[in-house]
C-alpha cells in the first residue's frame, strides 16, 4: 500500500502539472490519443514477454512527435492528425492481441488500471520521469508559458518554439503512459484534464493554476484510494469520480457567486 500511495502521489502531481499545459494549449484529445495508441506498444510487449511500460512509452512518444512534425509541415489540423494516428495504432494493438496465441490476463491492468499492482520498477520509472519533467518545467518555465499562450510571438522573440512544442508533446505522452498503471487506458485522460480544468475555474492567472491543479489532484488521489479501500471499489474509477465531483462542486459554487 505504501508503494501504491507513493506512486499515486507522484503521478497526481505529474498529471496536474502537464494537464495545465495540455488544457491551455487545447490539446486534450492528444492525451486520450496517446493512451489508446499505447495499446499497440503494450500488446507487442506482452507478445514478446517484455515489461510493457517502455514499449508503450516509445509508441506514445513517437506518435506525439510525428503529429507535431506533420502539423508543422502541412495544413492538416492537429485534431485530424491525432485521429488518424490514434485510430491506426489502436487498431494495430487490437490486431496484435488477436494474433497472440496466449490470453494475457495482465492486459486488463492496462485497460482499467491497478494502483495496488505498481511494482518497484514502475515506481522507479515514475520517480525518474517525475524528476526529469519537474526539472525541465523549472528550467524552461517562462518559455513554456510563452509558447503555450502565444507561440507566434514566442517565435518572433527568438524562442525555439518548434523544439518546445516537441518537448511538451513528449512530456505529456510520457506522463500519460506512466499514469495508465493507475486508472488504465480508458480513464487516464481524466487525471490530466479534470484537475487542470478545476484550477482554471478557480485561478485568476497561470501561476495560480499550477498549485491549485496539484492540490485538487492530490486530494482526488488520496480520497479515491481511501474510499476505494473502505468501500471495496475500483481505485482508478473512484479517483476519477472524486476528481469530477470536485470539479462540479467548484463549478456550482462559482456559478452561485455570480
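Below are the figures for this structure:
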{"quantity": "Of all residues in segment 55-68 being farther than 13 Å from residue 85 by Cα and free of Cβ contacts under 8 Å to residues at least 60 places away in the same chain, the one that is surrounded by the fewest Cβ atoms within 10 Å (Cβ to Cβ)", "calculated": "58"}
{"quantity": "Scope segment 204-225; condition in a helix (DSSP H, G or I) and farther than 20 Å from residue 248 by Cβ; matching residues", "calculated": "206, 207, 208, 210, 211, 225"}
{"quantity": "Hits in segment 79-92 - residues which are crowded, with 17+ Cβ neighbours inside 10 Å and under 19 Å from residue 31 (Cβ atoms)", "calculated": "81, 82, 85, 86, 89, 90"}
{"quantity": "Verdict on residue 31 being in a helix (DSSP H, G or I), without any contact (Cβ under 8 Å) to a residue 12 or more places away in the chain and either touching a strand residue (DSSP E or B) at 6+ places or on another chain (Cβ under 8 Å) or surrounded by 21 or more Cβ atoms within 10 Å (Cβ to Cβ) (or both)", "calculated": "no"}
{"quantity": "Matching residues in segment 229-251 - criterion: being at pLDDT below 90, assigned to a helix (DSSP H, G or I) and surrounded by 16 or more Cβ atoms within 10 Å (Cβ to Cβ)", "calculated": "235, 236, 237"}
{"quantity": "Residue satisfying all of: in segment 153-193; part of a helix (DSSP H, G or I), out of contact with any helix residue (DSSP H, G or I) (no Cβ under 6 Å at 6 or more places or on another chain) and free of Cβ contacts under 8 Å to residues at least 12 places away in the same chain; nearest to residue 209 (Cα to Cα) among these", "calculated": "153"}
{"quantity": "Set 220, 172: member being modelled with pLDDT of 90 or more, within 28 Å of residue 43 (Cβ to Cβ) and surrounded by 24 or more Cβ atoms within 10 Å (Cβ to Cβ)", "calculated": "172"}
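The values are calculated or read from the model by the stated rules, or taken from the named source; none is laboratory data. Source: prediction; values computed, not measured. Counting neighbours? That spans all protein chains shown, and the Cβs are built from the backbone with ideal geometry, glycine included.
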